[in-house]
Every structure is written in structure tokens, then in C-alpha cells.
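Working notes, structure below.
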Amino acid sequence: MTRVRGFEQQAKANIYRLLSACYYEPCPELKPLLVNLEDWIQLVFPKGTADVSVMRRELEQQAGDVTELVVDYARLFIGPFNVLAPPYGSVYLEKEGQVMGDSTVAVSRFYQEVGLKLDPEQKDLPDHIAVELEFLYYLIFRRRDREYQQFLELYLAPWIDPFCDAMESGARTEFYRSLAKVTRGFLSQEKVLSA
Amino acid sequence: MDISRRQFVGGGLALGGAIAVGSSGSVLRGLGLGTKEANATPADAKEQITYSCCNPECNNCSLQVHVRNGKLVRISPNPNYFTKPCLRGRSRLQWNYHPDRLRYPFKRVGERGEGKWERISWDEALDTIAANLTKIRNEHGPEAVFFTAGAVMSVMPNAMQRRFANAFGKGVMTGTSGSLCCSSQAEASNASQGYRTAEIEAMAYSKFMICWGHNPAVTYIPHWRLINEAREKGARLVTIDPRFSETAAKSDQWISIKPGTDLAMAMAMIRIIIEENLYDEKFALERSNLPFLVNEETGKLLRQNEVMAGGSEEAFVVWDQATNGAADPDHALSPALEGSFTVNGIQVRTVFSRLRERVASYTPEHASEITGVPAQDIVDLAYAYATTKPAMINSGMSGAQRTSNGVYFVQSILNLAALTGNIGVRGGGVNDTAGFGHGTNKSINEPYPADWVGRIPVTKLGEYFLEDKPYPIKAVYWQGKGLGQVPNSNKVLEGLKKMDFVVVQEHFFGDAASVADIVLPVATLFERYDVMCASRSFYYHLMDKAIEPFMEAKSDTWIYTELAKRMGFGELFEKTEEEWIDEILEPTGLSVESLRKSGPVWIWSDAKLNRFGVKREKAPFYFFEDTPFNTPSGRFEFHTVRWENAGYEPMVNYKPPEECEETAPDLFAKYPLSLVANKIRTKVHSTYAIMPWLSEIYPKGWVTINDEDAKARGIKDGDMVEVFNDRGSVKVAAHVTPGIRKGVVAMPNGWWVTQGACSSVLSNDYTHPQSYGHCLNSTLVEVRRV
């Protein structure tokens, strides 16, 4: 039993880490990661496998030139204008819809309490989806179940639905539509399981 | 993207998904394993306060910037300063952390204007810019790159661009002429009195105030308190505006006038004041050039060298009634104010007599026909203005001077103030809320002597770009400037589209960025150092850096410094921002350190700053009482030497505006409504256009239309309508009200072209070389339901 649970935890940790990688700017090197993600997700969230396959195939079809994905990524997450799915928690969690809100500071403090801090080279905000996913990976990996549950419930779960909705309706590529679906699906399962 | 992370994650997982615990620091891109320092950071650091100053073309209020844990948490008023920031200044908090804030450098990947962008590194962005600018300079000369920056009243961003542009061409540059705000105001003030004044604090002492085409209740909110102070003491307030503006609503009287005809009304008031002997004869004789003699044949002022042996060409002549002959103005015993004389066979007449003749046809009835203002209102206003002292014409950078007649309109209100002896009087004069350029940044602006090979009028960017005037421009370096403020904005966008290369440096992705090749994210006011010394007040402010730049944003200074290094003139950019500011402040005896300690400093506290020759034993001083007129005659000039020399009409002179029934009947047949653009309380030009707090007040643009005009077009309040002319079309909601003149529509100004509702798309880009002013309020449009 312990072994099974350990294996499941490893799968989830890897899924978090791989999903996190999908929220950085796309590059051809993502392909092997998606192959991995497909495998891991089949084990603990089989409903998401088809979506990851779509992502992998789309990346394969782009054969080295990922400009289309880069442009879609920019439209969705970084701008330069009218960002369709801002990847920051505070935009969804706070009334003002600002970045660098009080929740951003709270997330940063949560990292600190666990003993982590943002890489100073990293100019992005602590409540970026990729950072939060990566943090959840870390918490599972370190078996910090209580913090895992707390962080998921307080800081990521409340905004993942509106974020994924915005991403799904804004995306022009199947890649990001599927990423939205698999992210939402996996996290809602996790929320139920961890609650 | 970070290559090492990518390779590591990719490699590691491909090998079977084992997690490399030993290197977890580098596995995590966003997080590094916590260090002792991280854990030692106090959970709730104390709030820190630094001083700054709001830097748009506005009141330049002193701000307190509150920072906690490296995060901006509040903007509050500086309790030791005479104005308090309004809703705009306080919303700067949202500016900094706006979700649409530019976070990274971008390059265009699709067609120009197609909207496809890719994030790039700073190195790639700077290398691309340096390569393109160098190529264009080598092929077409440095003047083929046009540098332009927005209306930032503080020194650093624009001075740094100027320095870069200057060094880039070793002094050779393409310049601009005129301005979008106040060039007519400045030109007429310089010609009549020698410089502009900002008699802001004096408003509280006025007993009668005319807000002429000016709406300070929303445009100068921090000053509005001073106007109300005067009103509490009994001052009357009259507002002249085609629109029942917020200021009109608070006034004792609203005078509704046809746009562009204000000068005719002022000339009628001048006529009444002269005919009814309401003028100040002492001021006229002693401080103005009204008694000066003008050669009737040439229309020019008589010079002493024409009539006196050994006389100077620079000196003027009056008729001395004591000797019945020509005399030097300052030595005549009894100079004649009126009359025709013959001096050395030259037929001459005084400026005063010529002015009387110039305004003779402007009876109240005639002016009423032109302006649409009831004749009795003109008479009453003239009497009230001339018989109450001190009386101030508060015109700001009036909408009335943003017309094709703007220069002479400003001259006419200055004439009114001078005729009634209201100049040099606390609470009198013409308050144009002007700024003071101290010229202390010249050493920064010009490492090489400036050589302006050509100039482009700022209202004509589109036309000049498209028609290769004065020569083909190949690249544009566009910094922090709202394209939707430039009249005929669609043409400007077209002009930018034909460029070989466009760089835009901004906080947000605005109109110019939409057609750029490279877009650079810039640090905001609170993320860099700056200094205010050309402000709407007599104060110097340090704008201290309160927080680190957001994400990948960099200060303008950093960007130009990095570019200069790449382009081989890095040695001209070796200072830090604080060192540059110290250099700017050097002639004043102030420094970054001293201002940081003292807060805002009153300019006259240091004698070296006394550029206007204020008599220092007398404090507080007053302009033109304690300072001379800086004109060729040393007097207030009704017949201006400056314009006479330049070949322009030297005295007030009404002409119907460009684009009206009289001057453009064909256009009027198609577009019978006169468009004016009004400023609103949530914006300073196009600044603050997307702040959420402010957008709650005015989420969308609109057009204000008179109820009769609306009825004739089947338009009801709230209907979506199209406002259009040959320049463009804008769709907005209609605000139907009797609070605007029939035949006039008003659109609030400040929305961007890309947001829609941008009034400048329709605005007239006419300009005249006398001031190269902005004539947006001389525009014809039609409105229809959609």
C-alpha cells in the first residue's frame, strides 16, 4: 500500500513539474517532457491523456519551428497587450484584478515559510501559474501533505477554473486549449482528493 | 527562456523521471531552496515612505509613496505641499501593478500592425535596435531617425532621449515645431509680455475670474480649491465654453460661445473698455507700448534711428505733448496715448489709436453675430471685468487657443488684462498655469551643439511621414507618447506603418506600439530616479526610487545607456541616474541628497535660480510688478515687435476659424457640426486611460450632442452613434443634453485609438507657422445613428 501511494505521489509530483514547464514559453525541447507527461497522467488522471496527446502531436507537427505556439503563448500569457489569460493568481483572486496584490505577497510568504524563495534571476511574480505548480511539485516531493493541501486550497484552486476558462476560450492553438483542459481536470481531481 | 533549465528538466525527465534531489535548486526555475536570509526576512517589514511628484502635464503634486515588503501599497499627499494629488495621482498605484503592464521586451513577428508578438531578451532587443539605427544612419544620415517623447514634465526620460538622439547624430537631428498643448499660449505670452507665468497661488486673491475655454474643476483639480477660496471671499466666476462644463456648472454665469470665435468676443470687450474709458491709463502710458508711434505706411513701429540723429534701431518713439515732437518713451514728459502725427515727414499714429480702429467694427451686436453670445452678455462681462480689481482671466491652456486663431485669442485676453491694469497685480493677469523651464538640463541634452537639419510640426506627424517632408524619415524612436493625442491620428498610424523601423518604449501597449517592430517595457515613476524642475509651480522635487522595476522593465536611462554602449558612444552615458540629477541640479546648489532630506524646495530660495530677475528684498514677489517685461521695448506690447519682425500681423486680428461655414462651405455642407474635445477628470491627455479605479467613473468614451441636433438626427440619449468626417470615424454612445450649444458636439479626449472613442482621429491637423499650434477645436464632423 505504501509503495502504491509512494508511486502515486511520484506521479503527481512529476505531473505538477511537467505541467509547470508547459507554462513557460514553448520550445521544441518540450516534446520529450510531453511524452513523459502522457505516461504519468495515464496512471493517475487517465481522462487527461487524450489532451496531452493532442499537445504532443501539435508540437511534433510544428517540427522545430514553434512560432505559432510562441505567438499564442504571448497572446494568452504575456501580451504585449490585452493579455487573454493573465497567469497570475492575484488577477483572479482580488477585487481590483491587479498583479502584485496582497495575495501575491501572501504566496511569497508561504514559500518563505516552507524555506524557499524566488530565484533572484527570475523576474516573474511568485503567483505565476508555473511557479505555483512547481511549488506544489516540491511540496509533494517533500511529502509536506499539510502544506500541500493548504496551498492548493487557499492559493491555486480558487483561481484555476477562471484561469483555465480564459485560456481555453482565448487560445488559437489546440495545444493551449488542451493544456487548459488537462490543467483544470487534474487540479479539480486533486482538490477533491486532498480535501 | 532559460536554456539551462530547459536542458536540465528535459534531460532529467527523459531518463525516466527521476527527480534530481541533489540539484533541486536548479530544477526549480522559479524557486531556489531557501537560504538563511530568506527565512530571516521579517514577515511584516515596516512601511517606508519616499517622496515623488506626479509628472504628467498637470499640477505636478508632491506625492508620498508608501512601500511595504518591496511592494507599493499607497500613494498619499505630502502634507507639507500646497496642492494635494487628485484621483489620478492616487491611482498610480494601479498603474504600477496593472495586469496589462508591459513586462518584457517584444518583437513583431507578423506583418506590421497584425498583432503577432514574441517575447525576446533585452540583449536581443537592444542588439536589434542598435543594428537597425546604425544601418539607417549609415545609409540615410542621422536625421532619418526621428526621436519623439511624450508630455512628461520631469527631466530624466526626455532629457536622456534627447542626449541619445544628439549623440547618435553628433548633434544632427530632426526636431519638432510647436506643441500639442500650449504653443499659441506660449507664443502670444512671449510676444506680449516676454514669458509665461504660473500665477497659481494668486488665484485665491482674485475678485473676478473668467474661466475662458478652461475647465479647472476637472483639469486642475488640486487648484480648484484656490478658486473656491476666492469665491468664498465673494469673487464672481464666469465660464466661457461651448459646453456646460463642470466649471460652468459651478460658476455664477455660463457663456456659451461658438468654437473658435472667442477672439471676436474679446475684441468686442476691448472696444467697450476703450470706448467707455474703462482702461487703466497709467498702465497704458507707463508700462505698455500703447503710446508708441507706428508708421502708417508700413504698419511698423517707428524706430528712433528713423527720426532722431544717432537714434537706435532698437528704440521706439512716442509723441511728447510737452514738446509737440517725437521723444524717447522713457523720457517724454507727457506722451500722447492717442493721435496722428507727422514726424520727419512720416505719417504716424499711436498703437492705442490703431487698436481703437482695429476693434471699431466689433460692436457687441457684430460680435454677437459671430460668436452667438447675446450682445448684452458681452457688454455686461466687459463692464464687470473692467471695473472689478483684481480680475483674472484663467485660461489655462485653453481650448480656445487650440484653434486656428489661437495665437490672437491669447493676445486678446492678454490685451484685456493689460488694458484694465490687471497685469502685475496679485489675483489679476492671465493665468495659463504655465511651467518654468530652467534650462539646467542643457548640458545633458546637448553633448554636441544641436544642429536641427529639419523640423516636423508636432500636429503634422502623419502628413510629414507619409509625404517625406522635410525629407524621408526611415525610423521612429517613440517614447512614452500617446499617439491618440496627435490630431488626425489615423494618418500618424499610416505614417508609422511605412517606416523601416519603429521602436516604442512604454509602460503599456498603446497605439504606437501596435505598429512597432520592437516594444520595450519601461520602469515607472516610482521605479527610477527623476527630478521635477520645469513644473506647474515654483518648486523643485526629487522623485526618489521607491521600488525595483517591475519584472523586466528598465528605466529609460538604462535603455539609452545600454544602446549607447552598443553603438560606440557609451562614454557619454557613464553616469547613474542620481549623478545625472546632481548634474542638472548643480547650478541651483541643490542635490539629490539635499532634496531627499528637505522635500520640495521653493525655487526662489536660491538666488541662482532667479532667472526672471525677481527683486529679492520684496517677498512674496509678484510677476511684472517685481519683474520686468522681457520684450524688446521692456513694456507690455499690444503691437508686438516679435511678430512685426517675423512678418506676422502684430495686433489682435479676428479671422473665422478653419473648418467653419464661412471658410469651408463645402465641408460644412457634409459635416455641419463643430467638434470640440474636452478633457475629463480621469485622464491627463491619454495618460491614465486604463486605470481600473478611474474607468469605473468613465468606462467608455461618448459624444455630447445638443438635444435639438440629436432630435433632427433621430438620436436618443444613450444611442450608439458614429461621429465621422473625412479623417476617420468613431463609434460612441450619445449623451443628449441642452448643456451644449446647438451645432457643436464635444468628445471627451484621452481614449486611445486602439480603445476606440479616440477624438483625435477626427481632429483637424491644421497648424500655422506663427506658433505651430494645435487646432483640434477647429474641426467639422457629422453624427449619425448606427
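Solvent-accessible area of chain B (1.4 angstrom probe, protein heavy atoms only): carbon and sulfur portion equals 48 percent. Distance between the 7 Å Cα→Cβ label points at B:N490 and A:A195: 5.4 nm. Compared with its chain on its own, segment B:58-101 contains the following residues whose accessible area drops by 40 Å² or more in the full protein assembly (probe 1.4 Å; ligands, DNA and RNA excluded): B:K71, B:Y97, B:P99, B:D100.
Please work out whether segment A:1-107 counts as rounded, prolate or oblate from its C-alpha gyration tensor, where a ≥ b ≥ c are the square roots of the eigenvalues and a/c under 1.5 means rounded, while otherwise a/b larger than b/c means prolate and anything else oblate? Walk me through the numbers on the way to the answer.
Values: a/c = 2.80, a/b = 1.21, b/c = 2.30.
Note, shape of segment A:1-107 comes out oblate.
Here is the size of segment A:2-194 from its Cα atoms: Rg then Dmax, 16.0, 49 Å. Restricting the calculation to Cα atoms, every distinct pair contributes to the Kirkwood radius of segment B:386-480, found to be 17.2 Å.
B:E571 sits with roughly 110 Å² accessible to a 1.4 Å probe, with DNA, RNA and ligands left out of the calculation. Ligands, DNA and RNA left out, the accessible area of segment A:2-194 computed with a 1.4 Å probe is 49% carbon and sulfur.
Distance from the C-alpha centroid of segment B:456-477 to that of segment B:505-536: 22 Å, rounded to the whole angstrom.
Take the Cα of B:Q253, go 7 Å toward its beta carbon, and the backbone nitrogen atoms of segment B:208-229 under 18 Å from that spot belong to B:208-214. Using the 1.4 Å probe convention, the accessible area of segment A:2-194 works out to 39 Å² per residue with neighbouring protein chains retained.
Working with all protein chains in place, sort B:L126, B:L285 by solvent-accessible area computed with a 1.4 Å probe, largest first.
On the way: B:L126 0, B:L285 40 Å².
These residues rank, largest area first, as B:L285, B:L126.
Amide H contacts for B:V109 (H built 1.01 Å from N in the peptide plane; partners 5 or more residues away or on another chain; cut-off under 5 Å): B:K116, B:W117, B:E118. Think of each Lys and Arg Cβ as +1 and each Asp and Glu Cβ as -1; about the Cα centre, that makes the dipole of segment B:43-108 roughly 280 debye.
Residues of segment A:84-99 whose accessible area, computed with a 1.4 Å probe over protein heavy atoms, drops by at least 50 Å² once all protein chains are present relative to their chain alone are A:E96, A:Q98, A:V99. Size descriptors for segment B:277-378 (Cα atoms only): Rg and Dmax, in that order, 16.2, 53 Å.
Quickly estimate the mean residue ellipticity at 222 nm for the protein assembly as shown, helices only: each DSSP H run with n ≥ 4 gives -39500 (n - 2.57), and the total goes over all residues, rounded to 500. Walk me through the intermediate numbers first.
Details: 38 runs with 358 residues, N = 981.
That calculation yields -10500 deg cm²/dmol at 222 nm.
Residue by residue, what Karplus-based ³J(HN,Hα) values in Hz, rounded to whole numbers, does segment B:306-317 have, using 6.51, -1.76 and 1.60 with θ = phi - 60° and x for Gly and Pro? Values, residue by residue: 7, 10, 10, 4, x, x, 8, 6, 7, 9, 10, 10 Hz.
Its convex hull of Cα atoms gives chain B a direction-averaged projected area, equal to a quarter of the hull surface, of 38.8 nm².
For segment B:440-505, the number of Lys pairs separated by eight or more positions or lying on different chains, with C-alpha atoms closer than 18 Å, is 14. Taken residue by residue and averaged, Cβ atoms of other chains lying within 10 Å of the Cβ of B:508-514 number 2.
For segment B:421-557, what class follows from the C-alpha gyration tensor (a ≥ b ≥ c being the square roots of its eigenvalues): rounded when a/c is under 1.5, otherwise prolate if a/b is larger than b/c, else oblate? If you can, show how the numbers build up before the last one.
On the way: a/c = 1.88, a/b = 1.27, b/c = 1.48.
Oblate.
Ligands, DNA and RNA aside, B:M499 has an accessible area near 10 Å² when probed at 1.4 Å.
How crowded by other chains is B:447-457, given as the mean number of beta carbons from other chains within 10 Å of each beta carbon?
Details: counts 0, 0, 0, 0, 0, 0, 0, 0, 0, 0, 0.
Partner-chain Cβ atoms within 10 Å, mean over residues of B:447-457: 0.
Over the Cα atoms of the protein assembly as shown, the radius of gyration divided by the Kirkwood radius equals 1.04; this is the Rg/Rh ratio.
At the residue level, B:R163 shows approximately 20 square angstrom of accessible surface with a 1.4 angstrom probe and all protein chains present.
Give the long-range amide H neighbours of B:V744: residues separated by 5 or more places, or on another chain, with amide H under 5 Å away, using H modelled in the peptide plane at 1.01 Å from N. Hits under the 5 Å cutoff: B:S674, B:N706.
How high is the relative contact order of chain B, given as a whole-number percent (alpha carbon pairs under 8 Å, six or more residues apart)? Present the calculation step by step, with values, prior to reporting the outcome.
Values: 1741 pairs, mean separation 144.1, N = 786.
Dividing the mean separation by the residue count of chain B yields 18 percent.
The spacing between segment B:664-714 and segment A:9-79, judged by their C-alpha centroids, is 48 Å.
With all protein chains in place and ligands, DNA and RNA left out, the 1.4 Å accessible area ranks B:R681, B:R356 as B:R681, B:R356, largest first. Residues of segment A:108-127 with accessible area at least 50 Å² lower in the all-protein-chain context than alone (1.4 Å probe)? Output list: A:R109, A:Q112, A:L116, A:K117, A:K123.
Using Cα-Cα distances under 8 Å and only pairs 6 or more residues apart, what relative contact order does segment B:319-372 have, in percent? Please list the in-between numbers first.
Details: 45 pairs, mean separation 11.8, N = 54.
Dividing the mean separation by the residue count of segment B:319-372 yields 22 percent.
Backbone phi angles across segment A:169-179, fed through the Karplus curve with coefficients 6.51, -1.76 and 1.60 (θ = phi - 60°), yield HN-Hα couplings of 7, x, 5, 9, 10, 4, 3, 7, 4, 5, 4 Hz in residue order; Gly and Pro are listed as x. Dividing the Cα radius of gyration of segment A:1-56 by its Kirkwood radius returns 1.01 for Rg/Rh.
For chain B, what is the accessible area per residue in Å² when the probe is 1.4 Å? Could you put the intermediate results ahead of the total?
Working: 27970 Å² over 786 residues.
Heavy-atom SASA per residue in chain B reads 36 Å².
Pairing chains B and A buries close to 4700 square angstrom of accessible surface in total, based on protein heavy atoms and a 1.4 angstrom probe.
The values are calculated or read from the model by the stated rules, or taken from the named source; none is laboratory data. Note that the structure is predicted; figures quoted are calculated from it, not measured. Every residue, glycine among them, receives a Cβ derived from its backbone with ideal geometry; neighbour counts consider all protein chains shown. For accessibility, only protein heavy atoms count, side chains too; no ligands or nucleic acids. Shrake-Rupley method; radii C 1.70, N 1.55, O 1.52, S 1.80 Å.
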